[in-house]
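Visitor: This is the structure I want to talk about, given as structure tokens.
The values are calculated or read from the model by the stated rules, or taken from the named source; none is laboratory data. Everything numeric here is computed off the predicted structure, so don't read it as measured data. We place every Cβ from the backbone using ideal geometry, glycine too, and count neighbours over all the protein chains shown. The area values use the complete protein model at the heavy-atom level, side chains included, leaving out ligands, DNA and RNA. Shrake-Rupley method; radii C 1.70, N 1.55, O 1.52, S 1.80 Å.
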There are 2 protein chains.
Amino acid sequence: VPSNTVSIFIAAVASFTALVVDGSPALGESLHGAAPAAREVPARLLPVPTTVSPALQQVIGAPISAFQLYRPRTLDEWRAAIEQADAPAAEAARAAWKQLGVNVAAATIAGVKCYLITPPDVPMANQKRLLVHLHGGAYVFFGGDAGAGEGVLLAHISKMPVISVDYRMPPDHPFPAALDDAIAVWNAVISDHDRTKTALFGTSTGGGLALATVLKLKEQGAPLPGALFLGTPWADLSKTGDTYFANDRVDNALVTYDGLLEEAAKLYAAGQNLKDPLLSPLYGDFAGFPPTILISGTRDLLLSLTVRAHRKLRQADVEAELHVFEGMSHAQYLPSFPAPEAQEALKEVARFFDRHLGR
Amino acid sequence: VPSNTVSIFIAAVASFTALVVDGSPALGESLHGAAPAAREVPARLLPVPTTVSPALQQVIGAPISAFQLYRPRTLDEWRAAIEQADAPAAEAARAAWKQLGVNVAAATIAGVKCYLITPPDVPMANQKRLLVHLHGGAYVFFGGDAGAGEGVLLAHISKMPVISVDYRMPPDHPFPAALDDAIAVWNAVISDHDRTKTALFGTSTGGGLALATVLKLKEQGAPLPGALFLGTPWADLSKTGDTYFANDRVDNALVTYDGLLEEAAKLYAAGQNLKDPLLSPLYGDFAGFPPTILISGTRDLLLSLTVRAHRKLRQADVEAELHVFEGMSHAQYLPSFPAPEAQEALKEVARFFDRHLGR
């Protein structure tokens, strides 16, 4: 296509805007030459959508999480914040596995603490299949029982066994401890499992860490997973991505980069460049990646990271499918479970794994 | 368009600015009083994303289209607005088909004006394939040459012939004239074409009209398309869908429901219920629909309509894939062409058609 091709509707857009600026020549110049500037978006009211289930409306209608605005400054403040976040999440996870009848057992694999999560009914087709789970929590939160919650839900929905990795985290163990643990568990698992029958998955930090793990496995020439699920992956720890801005405070779960998230990124990176591909895998090479399913929501602060990961996979000719849920903020298919939309999201993942994993 | 509308736009801009600058208590109070479950999102600065190509940055960085805030009140105002929008868009479309070497010929099919769009090189595999195109423009704009623009781009990228339907529109021909024309052309085309080799597609209004057409064809027991492409479909003419609110004025192309879009919906519906499934297909039944590809952007005012259509198709067990582009407002894969992202979007559509259409 010749570079001088007139784009189809630019002229029309220019003419619309001329209604206001009355033929100002400055407009044409700004469209065709000058560096575009930031634009102010006015304050507005955001109603709870009528287009989602009542159960999801409860989650979407909650006030923004003030916790996300907090910037811990000392080790003591970090430890207090971690305790505050983890205790109720662990309780909720334990309640979920009891109510769903999913068996959860602690284990150590390659020196790393893990949870072996087994649904009550594993059909024949899934007996040799295995899902390896990396939990979310900004590389700081949801160690221990709390982190197993997502693994329990996916075991329940997919009827496949799950190993959830309780990887080491800051403040005691910054980058690359979490990645080292994920790699160690994967390599141990794969030594007696068929990689084509084994998937890797995680939400938020778990999705970013899953991408980093595959980048590192590629580097090592190790066997790659048969499929990936990236739930709204934290695939860029720097404040790069349009919805970090567009969905700031639209997302009531993650809320903003400018608070806990930025502090957690720095704490984990411990001085490394935030755009190192093993910290922010969007700067890595996705060639040869396994088939991947990605999930996000229209209000998600990390919607841009999710769609950037999807595009980057597609550009590398990887089979990758995207699902975006109406009105959902970051990762709300987990806290809204068993809302119909949460079940629908996890069933898409289960179907994707069933299609792409060997038996 | 009368010049006194200009002052209304300026007043609106000024009042937004007041809210931003001093948090105007009057506006703040009215915001808090409106609806108890709604939440206020503060004003903020939206930078042009660094995560897209320079060509797309130019489109994303343009000011909001003030034309979208305009509410024509008389037939004369409508006709003036239509002329103002269509003339430059038609010029741009003609420039594109000349520069791309795509042949465009006027024709009449089943009494409906159409454009026969033929790319210069149709490979053997595509000789019996055909794409039927329904243009965008809020059921009011882009009649004539302007409407053929998207068809030209897709013919160019897919190397498949396209028939673009220049359906009748308001103010002279409200609902269901556009739908009747789409149905008439489809049924004429399908009388001597294999439906499995024939796709239906359109962006914005064209996507909504494509959905309505398939609903109506189902009702008639007529042959359905072999595949669909819905570009950010206007599939709900009522103000229902979360990004009508969340992306209000984040989207610089469509900008808001509360202006031209609402007026166009009413003009087209001509007194019918906006939630009639043939006006707003999201209220219809998608069972048995053909494989469908959908495209939107993270800033798109109609992102919610796109993902609601995607979910509804998936719930009906239809093969449906979603692509969302970083930072794009409504339908910007068209005006940004030949930006890399625009080519990438249209290539996904071409690949999808190649996979799903018979030869």
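Visitor: Considering only residues of the range A:269-286 that are of a type in the set (A, V, I, L, M, F, W, C) and part of a loop (DSSP other than H, G, I, E, B), which is surrounded by the fewest Cβ atoms within 10 Å (Cβ to Cβ)?
Guide: A:Ala270
Visitor: Something else now. Go through (1) open to solvent by 30 Å² or more (accessible area, probe 1.4 Å); (2) within 8 Å of another protein chain (Cβ to nearest Cβ); (3) at pLDDT 85 or above; (4) assigned to a loop (DSSP other than H, G, I, E, B) for A:Pro36 and report which single condition fails.
Guide: (3) is the only condition that A:Pro36 fails.
Visitor: Let me ask something else about it. Do the conditions hold for A:Lys266, that is, is it within 13 Å of chain B (Cβ to nearest Cβ) and open to solvent by 30 Å² or more (accessible area, probe 1.4 Å)?
Guide: Criteria not met by A:Lys266.
Visitor: Right, here's the next one. Quick check on this structure: which one of B:Ala331, B:Ala309 is closer than 25 Å to A:Glu348 by Cα, more than 7 Å from chain A (Cβ to nearest Cβ) and either part of a loop (DSSP other than H, G, I, E, B) or at pLDDT 95 or above (or both)?
Guide: Step by step, each of B:Ala331, B:Ala309 is checked, and only B:Ala309 is closer than 25 Å to A:Glu348 by Cα, more than 7 Å from chain A (Cβ to nearest Cβ) and either part of a loop (DSSP other than H, G, I, E, B) or at pLDDT 95 or above (or both).
Visitor: Also, I was wondering about something else. From B:Glu91, B:Glu83, which residue is at the interface with another protein chain (Cβ under 7 Å from one of its Cβ atoms) and open to solvent by 40 Å² or more (accessible area, probe 1.4 Å)?
Guide: Residue meeting the stated conditions: B:Glu91.
Visitor: Quick check on this structure: which one of B:Leu322, B:Leu294 is open to solvent by less than 10 Å² (accessible area, probe 1.4 Å), over 14 Å from the mean Cα position of the chain (by Cα) and touching a residue at least 24 places away in the same chain (Cβ under 8 Å)?
Guide: Going through B:Leu322, B:Leu294 in turn, just one is open to solvent by less than 10 Å² (accessible area, probe 1.4 Å), over 14 Å from the mean Cα position of the chain (by Cα) and touching a residue at least 24 places away in the same chain (Cβ under 8 Å): B:Leu322.
Visitor: So A:Thr74 fits all but one of (1) surrounded by fewer than 16 Cβ atoms within 10 Å (Cβ to Cβ); (2) of a type outside the set (Phe, Trp, Tyr); (3) within 30 Å of B:Arg311 (Cβ to Cβ); what number is the exception?
Guide: That leaves (3) as the condition not met.
Visitor: Something else about it: Does A:Asp145 satisfy the condition of being touching a Phe, Trp or Tyr at 6+ places or on another chain (Cβ under 7 Å) and farther than 27 Å from A:Thr256 by Cβ?
Guide: no
Visitor: Only residues that are surrounded by 24 or more Cβ atoms within 10 Å (Cβ to Cβ) and under 14 Å from the mean Cα position of the chain (by Cα): list them for the range A:125-137, please.
Guide: A:His133, A:Leu134, A:His135, A:Gly136
Visitor: What are the pairs, 6+ residues apart or on separate chains, where a residue within the range B:40-58 that is more than 7 Å from every other protein chain (Cβ to nearest Cβ) has its Cβ under 8 Å from a residue that is open to solvent by 50 Å² or more (accessible area, probe 1.4 Å) and outside any strand (DSSP E or B)?
Guide: That search, which allows pairs on different chains as well, returns B:Ser53/B:Pro340; B:Ala55/B:Pro340; B:Leu56/B:Pro340.
Visitor: Hey, can you tell me all the residues within the range B:43-66 that are open to solvent by 30 Å² or more (accessible area, probe 1.4 Å), part of a loop (DSSP other than H, G, I, E, B) and of a type in the set (S, T, N, Q)?
Guide: Passing the criteria: B:Thr50, B:Thr51.
Visitor: List pairs: first residue in the range B:333-359 and under 18 Å from A:His310 (Cα atoms), second residue in a helix (DSSP H, G or I) and of a type in the set (D, E, K, R) anywhere in the structure, Cβ distance under 8 angstrom, at least six positions apart or on different chains.
Guide: Note: pairs meeting the criteria are B:Tyr333/B:Glu341; B:Glu344/A:Arg311; B:Glu344/A:Arg314; B:Glu348/A:Arg314.
Visitor: Of all the residues that make up the range B:337-359, how many are among the small types (Gly, Ala, Ser) and open to solvent by 10 Å² or more (accessible area, probe 1.4 Å)?
Guide: 2
Visitor: When you go through B:Arg314, B:Arg355, B:Arg359 one by one, which is the residue that is out of contact with any strand residue (DSSP E or B) (no Cβ under 6 Å at 6 or more places or on another chain) and either assigned to a helix (DSSP H, G or I) or farther than 28 Å from B:Arg129 by Cβ (or both)?
Guide: Only one candidate passes the filter, namely B:Arg355.
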